[in-house]
Amino acid sequence: LPLGMSDPEPRDKEWRGSDPTILFVCPDLAFNSYYRQIYDEFVTDFGDLPYKIGGSQPIQFHDPHVLGYLPTEAYARNMREFRVMFYHSREPNHVHYHPFEAIRAGMPLVFMAGSLLDRLGGIGLPGRCETVSSAREKLQAILAGDRALIEEIRSSQLSLLEPMHPD
């Protein structure tokens, strides 16, 4: 800490969620054993659901779900169109940038309890999950178009952008 985004203002009016797909970000799969284990766990837990894997892949990884590096506009389009992002981390002293990008874009974020997101205000938010089974239930409901859950998550998660203001 401190954390920050140069522009943390919500752009949630642009989000459509028309593509019933989970966006999961996991880079460097062909050579980084840490991220490869995270990927393997994700596929074990959620691989039967529609998903795409974002994140830089300097060495090609052979999985049709892996998007690899995307130009800025394609990445922005995915943030507008994919239905939900899942954030796996339970690390209490580290957080990645992409959950905040999803929140800023208005995409519902389903995330695991125990990460730095908890300390930044995530405890009590409807997208927070204690267990993989809870995360799976929420992801399935969102993929199925549960508008009440989607809007509950979208409106509440904006509080996680507050600590990201540069001031």
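Hey, what do the phi angles of the range 38-52 turn into as Karplus ³J(HN,Hα) couplings, whole Hz, using 6.51/-1.76/1.60 and θ = phi - 60°, x for Gly and Pro?
Once rounded to whole Hz, the list reads 4, 4, 4, 5, 4, 5, 4, 7, 10, x, 8, 8, x, 8, 9.
Relative contact order (percent) for the chain, with alpha-carbon contacts under 8 angstrom and 6 or more residues of separation?
On the way: 291 pairs, mean separation 47.1, N = 167.
Taking the mean separation of contacting Cα pairs over the length of the chain, I get 28 percent.
Rounded, prolate or oblate: which one fits the chain, using the alpha carbon gyration tensor with axes a ≥ b ≥ c (rounded when a/c is under 1.5, else prolate when a/b beats b/c, else oblate)?
On the way: a/c = 1.28, a/b = 1.19, b/c = 1.07.
Rounded.
Put +1 on the Cβ of each Lys and Arg and -1 on the Cβ of each Asp and Glu in the range 1-79; which of Val25, Phe42, Leu67 then has its Cα farthest toward the positive end of the dipole?
Leu67
Packing-wise, with mean Cβ within 10 Å as the measure, how do 82-88, 108-114, 49-55, 31-37 rank, highest first? Please list the in-between numbers first.
Numbers: 82-88: 24.4, 108-114: 22.9, 49-55: 18.1, 31-37: 12.6.
Highest to lowest by the protection proxy: 82-88, 108-114, 49-55, 31-37.
Nearest 20 debye, what's the magnitude of the dipole of the chain about its Cα centre given +1 on Lys and Arg Cβ and -1 on Asp and Glu Cβ? Kindly include the intermediate steps, with their values, before the conclusion.
Details: 16 positive and 23 negative charges, 37 e Å.
I would put it at about 180 debye.
Helix-only mean residue ellipticity at 222 nm, the chain, DSSP H runs n ≥ 4 weighted -39,500 (n - 2.57), per residue, nearest 500. What is it?
About -10000 deg cm²/dmol.
What is the sum of charges around Ala141, taking Lys and Arg as +1, Asp and Glu as -1, for the other residues whose C-beta is under 13 Å from the C-beta of Ala141?
Details: positive: Arg83, Arg136, Lys138, Arg147; negative: Glu137, Asp146, Glu151, Glu152.
Overall, the nearby charge balance is 0.
Compute the signed sum of charges (Lys and Arg +1, Asp and Glu -1) over the other residues within less than 14 Å, Cβ to Cβ, of Tyr39. Don't skip to the end; give the middle numbers.
Values: positive: Arg36, Lys52; negative: Asp28, Asp40, Glu41, Asp45, Asp63.
Local net charge: -3.
Starting from the Cα gyration tensor of the range 34-80, take the square roots of the eigenvalues, sort them a ≥ b ≥ c, and report rounded, prolate or oblate (rounded when a/c is under 1.5, otherwise prolate if a/b is larger than b/c, else oblate).
Values: a/c = 2.27, a/b = 1.40, b/c = 1.62.
Verdict is oblate for the range 34-80.
Placing unit charges on C-beta atoms (Lys and Arg positive, Asp and Glu negative, everything else neutral), compute the dipole magnitude of the range 72-139 about its Cα centre in debye, rounded to 20. Walk me through the intermediate numbers first.
Values: 9 positive and 7 negative charges, 22 e Å.
Dipole about the Cα centre, nearest 20: 100 debye.
Can you tell me how the range 99-162 classifies by the Cα gyration tensor, rounded, prolate or oblate, using a/c under 1.5 as the rounded cut?
Working: a/c = 1.99, a/b = 1.18, b/c = 1.68.
Cα axes put the range 99-162 in the oblate bin.
Tell me, what HN-Hα J-couplings in whole Hz come from the Karplus equation 6.51 cos²θ - 1.76 cosθ + 1.60 at θ = phi - 60° for each residue of the range 154-159, using x for Gly and Pro?
For the range 154-159, the Karplus-derived couplings read 4, 6, 7, 6, 4, 4 Hz, x marking Gly and Pro.
Quickly rank 18-25, 98-105 as a protection proxy: mean count of other C-beta atoms within 10 Å, highest first. Please report the intermediate quantities before stating the final value.
On the way: 18-25: 18.8, 98-105: 23.0.
Per-residue Cβ counts within 10 Å, averaged per peptide and sorted highest first, yield 98-105, 18-25.
Taking amide H atoms as placed 1.01 Å from N in the peptide plane, list the residues 5 or more away in sequence, or in a different chain, whose amide H sits under 5 Å from that of Cys26.
Gly54, Gly55
Roughly speaking, what is the centre-to-centre gap between the range 72-89 and the range 128-149 when only Cα atoms are used, to the nearest Å?
16 Å
With the full set of protein chains in place, find how many percent of the accessible area of the chain is carbon and sulfur; take the probe as 1.4 Å. Let's see the in-between values first.
On the way: 4290 of 8100 Å².
Heavy-atom surface of the chain belonging to carbon and sulfur, 1.4 Å probe: 53 percent.
The values are calculated or read from the model by the stated rules, or taken from the named source; none is laboratory data. Being a predicted model, the structure only gives us computed values, none of them experimental. So basically every Cβ, Gly included, is an ideal-geometry build from the backbone, and we count neighbours across all protein chains shown. Note: areas computed on protein heavy atoms with side chains; ligands, DNA, RNA excluded. Shrake-Rupley method; radii C 1.70, N 1.55, O 1.52, S 1.80 Å.
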